[in-house]
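The values are calculated or read from the model by the stated rules, or taken from the named source; none is laboratory data. All values derive from a computational prediction rather than experimental measurement. Cβ: placed from backbone, ideal geometry, glycine included. Neighbour counts: every protein chain shown.
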Number of protein chains: 2
Amino acid sequence: MRVSLKDVAAHAGVSIKTVSNVVNNYQHVTPAMRERVQRSIDALGYQPNLAARHLRKGRTGIIALALPELGNPYFAELTASVIDAASQHDYIVLLDHTGGSRDQELLVSQGFRARVIDGLILSPIELRTEDLRDRDQDVPLVLLGERDYDLPYDHIAIDNVAAARDAVRHLIELGRREVAFIGARRDRSEPAQLRVRGWREELTAAGLRADEGLVAAVDGWGHADGARAMRHILDSGRRPDAVFAYNDPMAIGAMRVLHERGLRVPEDIAVVGFDDVIEGRFGAVTLTSVSPDKAAIGRLAVESVLARLGDNAPAPRRIWADYQLVERESTLGRPGAATP
Amino acid sequence: MRVSLKDVAAHAGVSIKTVSNVVNNYQHVTPAMRERVQRSIDALGYQPNLAARHLRKGRTGIIALALPELGNPYFAELTASVIDAASQHDYIVLLDHTGGSRDQELLVSQGFRARVIDGLILSPIELRTEDLRDRDQDVPLVLLGERDYDLPYDHIAIDNVAAARDAVRHLIELGRREVAFIGARRDRSEPAQLRVRGWREELTAAGLRADEGLVAAVDGWGHADGARAMRHILDSGRRPDAVFAYNDPMAIGAMRVLHERGLRVPEDIAVVGFDDVIEGRFGAVTLTSVSPDKAAIGRLAVESVLARLGDNAPAPRRIWADYQLVERESTLGRPGAATP
DNA sequence: CACGGCGTGTATAACGTTGTAAAACTTGAG
DNA sequence: CTCAAGTTTTACAACGTTATACACGCCGTG
């Protein structure tokens with residue numbers, strides 16, 4: 001049988017509210033009383049009933065984190081950092097996965113889970129800007145990943161265009177001239193578009209041709225999709241000297257195909273990924289990658305959501321998180337050069 | 001402002017309970033009344049307040065899934081299958097990560113989150129059998145991963161000893177004679193011990209020596225730990241012709257070290273992992289691995305927890321999930337043979 | 001010595017829902 | 001037309017918590 005405030009109150013010979021005051025660290029309680037009540041609490045092993053507390057306060061103490069897929073280790077690491085940040089504010093994280101489908105993302109953003117959660121952190125892939133524009137929900141929403149247009153929600157993202165440009169510039173500086181992009185999306189997912197744009201801008205800025213024939217569209221974001229895209233490019237007779245992939249799993253899938261075709265990385269083709277997942281550090285050829293500051297992103301996301309819970313919610317902001325390009329074996333040296 | 005049963009009742013001109021009856025599909029409601037109330041519900045956009053419902057019914061509709069780490073894709077896939085299974089029963093999944101530390105696992109099992117959840121699925125690593133023996137909680141608990149002793153909780157696991165034996169037998173059948181084990185744990189984690197036992201039993205059964213000098217203990221379960229263990233074995237002057245790793249990330253970490261040392265996989269050293277994560281299918285050398293039926297494990301776990309919620313809870317059972325050994329390049333061919 | 005003021009503790013009323021029991025209707029038989 | 005038996009609807013009391021408003025001491029001050 002669960003013990004309630006009432007039981008503790010009876011045991012200590014005080015009123016229910018006094019016990020509540022002790023539990024909530026209300027200030028006007030004499031030390032003597034506090035200790036007496038605390039003794040009863042300990043004796044009975046009282047634990048507050050959250051459902052009741054939430055009913056009364058109108059808060060649940062739960063925030064939801066909705067991600068496209070858990071399989072990508074990037075999101076796993078992000079999740080860990082969100083959980084850590086949330087628990088520092090006595091919040092609990094409810095995990096949802098959308099599969100990256102627009103329908104699911106819409107459902108989640110429209111408050112599918114709204115009745116249980118105080119706030120939502122959503123990392124959309126296919127969701128359109130207009131989908132969010134007429135969102136009718138009082139549950140605070142924070143978006144992860146850059147969006148193109150302004151929306152009345154906090155965005156937390158790294159600068160995708162700039163990061164993509166950095167990656168491509170790195171390839172160009174190595175002497176690469178034909179840089180393929182793997183991971184454009186047929187459905188025009190916004191984050192993918194931004195990275196394609198960075199790719200295009202940087203090539204153009206360097207006086208090179210942004211050859212759209214070297215952009216491979218895909219349907220998913222996993223290893224297999226990267227492999228498929230790489231095969232598609234090679235089968236079309238193209239022979240780029242560098243590949244920039246939408247994310248690390250796709251880059252790794254692409255490298256596998258290059259390996260199967262007898263092409264050497266980086267001598268024949270240099271490869272850069274995105275997200276810097278742990279896996280990229282342990283392949284036969286370690287992977288150069290854009291490394292977002294995941295810990296910061298998780299922390300900022302949680303803080304942004306919680307800040308919106310109070311009455312004095314700040315204006316929606318676009319928050320830029322840090323990133324850096326981590327160079328590894330997959331871009332070591334100039335074309336044709338043997339690995340050191 | 002949120003709309004409650006009271007508002008709907010006022011709008012429809014009926015009592016609160018009648019609205020509640022309609023919402024809950026109570027049988028004794030005339031079709032006319034049902035429609036009239038439904039119209040008001042739709043008009044006002046009523047959504048039930050779960051906190052209140054839970055307070056009243058004593059259930060929260062949330063189960064927790066506590067995992068050692070999210071970074072391992074095995075757990076990510078498992079999580080996805082648990083979420084899917086739970087949502088089929090209108091349940092929501094709260095995710096927790098223990099970091100695989102005994103303290104955290106203890107905390108979780110003792111009901112750290114108990115006030116919010118109806119049931120708990122725990123995948124322990126370091127937790128001892130005796131830690132669970134005096135668990136004092138009314139929240140149903142289901143354990144993932146094999147435990148050695150009998151406990152009054154449902155276990156869902158594949159047969160670790162048998163699976164390990166299958167893996168080692170496969171290596172022996174390939175003509176390997178010196179099989180190392182990577183991933184024993186200094187802290188005597190039970191799952192790791194079972195796999196070591198399988199390794200030992202199979203070698204002995206084949207008339208080979210189970211050389212304890214080829215068992216490498218580690219502190220973690222990631223790529224880096226596998227790499228460290230592999231280095232340790234090689235640096236000690238040993239030169240096994242096969243490696244069986246506790247899990248895929250460790251196997252991949254080990255393969256990276258073999259690559260760095262100029263040892264060929266599988267010609268010089270064959271490698272078998274455990275868990276069959278997607279990553280193992282896209283390395284330069286694809287990884288042979290023990291593949292547990294993750295979908296079944298997730299489904300069984302959810303069903304077991306929910307079955308314990310009712311009054312007629314079944315007796316605790318040990319449920320065996322299926323697995324199979326998936327052979328890939330890392331064990332292709334006999335020692336010294338060139339890859340086909 | 002009375003009085004305001006402050007610090008401490010207490011009844012009571014919510015929060016929104018569902019279970020119980022009883023009231024208000026139907027229906028059909030006598 | 002009455003009454004019993006059944007069906008539908010309602011009033012009310014929980015569930016366990018916190019906010020509000022108030023009562024009670026105690027203190028220092030006029």
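The number of residues in the stretch B:232-242 that are part of a helix (DSSP H, G or I) and surrounded by fewer than 17 Cβ atoms within 10 Å (Cβ to Cβ) comes to 2. Only one of the listed residues (A:GLU260, A:GLU279, A:GLU267) is of a type outside the set (Phe, Trp, Tyr), free of Cβ contacts under 8 Å to residues at least 24 places away in the same chain and in the same structural domain as A:ASP225 (by TED's automatic domain parsing). That residue is A:GLU260.
Kindly indicate whether B:ASN312 is touching a Gly at 6+ places or on another chain (Cβ under 7 Å) and either outside the structural domain of B:VAL218 (by TED's automatic domain parsing) or within 28 Å of B:ASP150 (Cα to Cα) (or both). Taking the combined requirement at face value, the residue does not satisfy it. Would the stretch A:252-274 turn up any residue that is touching a helix residue (DSSP H, G or I) at 6+ places or on another chain (Cβ under 8 Å), within 17 Å of A:ARG195 (Cα to Cα) and outside any strand (DSSP E or B)? No, the conditions are met nowhere in the stretch A:252-274.
Selection over the stretch A:48-87 of residues that are in contact (Cβ under 8 Å) with a residue 60 or more places away in the chain and over 15 Å from A:LEU120 (Cα atoms) gives a count of 9. When B:ALA315 is tested against (1) closer than 30 Å to B:ARG177 by Cα; (2) more than 14 Å from chain A (Cβ to nearest Cβ), just one condition goes unmet, and that condition is (1). Could you tell me whether the stretch B:45-54 includes any residue that is at the interface with chain A (Cβ under 7 Å from one of its Cβ atoms), farther than 17 Å from A:LEU94 by Cβ and more than 15 Å from DNA strand C (Cβ to nearest atom)? Among the residues of the stretch B:45-54, not one is at the interface with chain A (Cβ under 7 Å from one of its Cβ atoms), farther than 17 Å from A:LEU94 by Cβ and more than 15 Å from DNA strand C (Cβ to nearest atom), which makes the answer no.
Scan the stretch A:8-18 for residues that are in contact (Cβ under 8 Å) with a residue 24 or more places away in the chain and within 8 Å of DNA strand D (Cβ to nearest atom) and the total you get is 1.
Selection of strands (runs of 3 or more DSSP E) fully inside the stretch B:280-339 by the criterion of at least 3 residues being buried (at least 19 other Cβ atoms within 10 Å of the Cβ) and in contact with a helix residue (DSSP H, G or I) (Cβ under 6 Å, 6 or more places away or on another chain) returns B:288-292. Taking the listed residues B:VAL29, B:VAL8, the one that is touching a Phe, Trp or Tyr at 6+ places or on another chain (Cβ under 8 Å) and either over 30 Å from B:GLY145 (Cα atoms) or within 11 Å of chain A (Cβ to nearest Cβ) (or both) is B:VAL8, with no other qualifying.
Scanning the stretch B:191-220 for residues that are buried (at least 21 other Cβ atoms within 10 Å of the Cβ) and either of a type outside the set (Gly, Ala, Ser) or part of a helix (DSSP H, G or I) (or both) gives B:PRO191, B:ALA192, B:LEU194, B:ARG195, B:VAL196, B:GLY198, B:TRP199, B:GLU202, B:LEU203, B:LEU214, B:VAL218. Scanning the stretch B:137-158 for residues being touching a Phe, Trp or Tyr at 6+ places or on another chain (Cβ under 6 Å) and under 27 Å from B:HIS223 (Cβ atoms) gives a total of 2. Only residues that are in contact with a helix residue (DSSP H, G or I) (Cβ under 8 Å, 6 or more places away or on another chain), under 23 Å from A:PHE75 (Cα atoms) and among the aliphatic types (A, V, I, L, M) were counted across the stretch B:84-110, and they come to 5. From the list A:ALA270, A:ALA254, the one residue that fits, being within 14 Å of chain B (Cβ to nearest Cβ), among the hydrophobic types (A, V, I, L, M, F, W, C) and buried (at least 18 other Cβ atoms within 10 Å of the Cβ), is A:ALA254. Restricting attention to the stretch B:25-72, the residues that are within 16 Å of DNA strand D (Cβ to nearest atom) and assigned to a helix (DSSP H, G or I) add up to 19.
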